[in-house]
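The values are calculated or read from the model by the stated rules, or taken from the named source; none is laboratory data. Computed from a prediction, not measured in an experiment: that's the story for all the values here. Using ideal geometry, Cβ is built from the backbone for each residue, glycine included, and neighbour counts are taken over all protein chains shown. Heavy atoms of the whole protein, side chains included, go into the accessibility calculation; ligands, DNA and RNA do not. Shrake-Rupley method; radii C 1.70, N 1.55, O 1.52, S 1.80 Å.
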Amino acid sequence: METPHTQVTFWGHYDTLATQLLTQYGLATLALPVPPMDASGIARTREVCTSFDVLMLDSYDTQQSYIDGLKHSTCRLALIDDDQRRDLSGADMVICFRVGSENLDYGARHQLLGPTYLPVKPELYALRNHNLALEENRPIEQILVFLSGGSIGTKHLQSVLQALDFPGMQVSYLAPSELPFMASSRAKYIPFTPAIESVYAQSDFVISGGGLTKYECAYAGITNACLSLTDLQDQDTREMAAQGFTLDLGPADSAELSRLRRQIHEFISDPRALSAQRRAFASKLDAEGPRRVAQALSIL
């Protein structure tokens, strides 16, 4: 998203994986303490932002008082949102790439709404082109399970892996660490990596926890299913499934092993269902989301 005339700088608390990504892309970071995202942090944020033209916020920790205190400052305010919990009217830009968000109204000066504005890693563009050029009805041979990096996903991981005990199928799972109860399983453990596209490239079918992964898979042309971990993810998954972008496995808390196994097996064994999802990726999503977001920010 960076152009020869645009300097992008990151300011926040980043784990090892995020730090590796920032280094990989040569992006600068501010070596300054991050203030609280509430009323007490407004003055310090305003002070730092005098050196920048646009401040983009992307955090569930952002408080309404913090947002209100940064509106109408010399630094234009952009926010990434997905749940409409906060009043973002008066902001210079709001980005919400969720399916079905196209008809929302945040009251912001500029609104980039819907998957048309999905920002993804540049490497996924090449993977998308590769996958969409393959046969639509190709069979599923390698399954990846990536529910989340948190404790909620880990809680349900064993049940999902047990549901995938299909003869001849190669199954892998992405997690912060190898799970003890899978030591004797045929499922292969894959540690977290900043090169997530390399993991996706080895997968024909991905089961996610209903978050960003399902959007990345749809963009990259990978058939997928979602076992939603939260109420918000469940709502989003239903919207995605209605557009043909994913298979909805329902909320994780109400999942039942035999039903999971049946749903997944029926889908991956049905060439017509696989072809329909792949056609939806090609016909309803394009590859220009990152460019549109970058262009909109550059003229904000």
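Before moving on, here are some points about what is shown:
- Calculated FRET efficiency, Val48 to Thr154, Cβ-Cβ distance, R0 = 41 Å: about 0.65 to the nearest 0.05.
- Alpha carbon centroid spacing (whole Å) that separates segment 96-168 from segment 229-300: 6 Å
- In this simple spin-label model, placing a label point 7 Å from the Cα along the Cα-to-Cβ direction at both Glu239 and Lys188 gives a separation of 3.5 nm.
- In segment 76-148, trypsin sites (Lys or Arg not before Pro) in a DSSP loop with at most 12 other beta-carbon atoms within 10 Å: Arg85
- Taking a straight line from the alpha carbon of Lys214, these lysines sit under 20 Å away, with near neighbours fewer than eight places off in the same chain left out: Lys121, Lys155, Lys284.
- Karplus-based coupling profile of segment 79-94, in residue order and whole Hz: 9, 9, 9, 9, 9, 6, 7, 10, 7, 10, 5, x, 5, 6, 7, 10, with θ = phi - 60° in 6.51 cos²θ - 1.76 cosθ + 1.60 and x standing for Gly or Pro.
- Rounded if a/c under 1.5, otherwise prolate or oblate - segment 207-266, Cα gyration tensor axes: oblate
- Taking amide H atoms as placed 1.01 Å from N in the peptide plane, the amide H of Asn224 lies under 5 Å from those of Val206, Leu247, each 5 or more residues away in sequence or on another chain.
- Extended-chain gain in nm, criterion 0.36 nm per residue less alpha-carbon gap, Asp270 and Arg291: 4.0 nm
- The candidate values are (1) 29, 28, 16; (2) 36, 21, 19; (3) 28, 22, 19; the one derived from this structure for semi-axes √(5λ) of the Cα gyration tensor in Å carries the label (2).
- Cα gyration tensor shape of segment 118-270, rounded if a/c is under 1.5, else prolate or oblate by comparing a/b with b/c: rounded
- Rounded, prolate or oblate (a/c below 1.5 giving rounded, otherwise prolate when a/b exceeds b/c) for segment 188-293 by Cα gyration tensor: rounded
- The loop-placed GluC sites (Glu not before Pro) in segment 203-294, going by DSSP, that have at most 15 neighbouring Cβ atoms within 10 Å of their Cβ come out as Glu256, Glu288.
- Carbon and sulfur %, accessible surface of the chain computed with the full protein complex present, 1.4 Å: 52 percent
- Here r is the Cβ-Cβ distance between Ser258 and Ser65 and R0 is 45 Å; the resulting FRET efficiency, rounded to 0.05, is 0.40.
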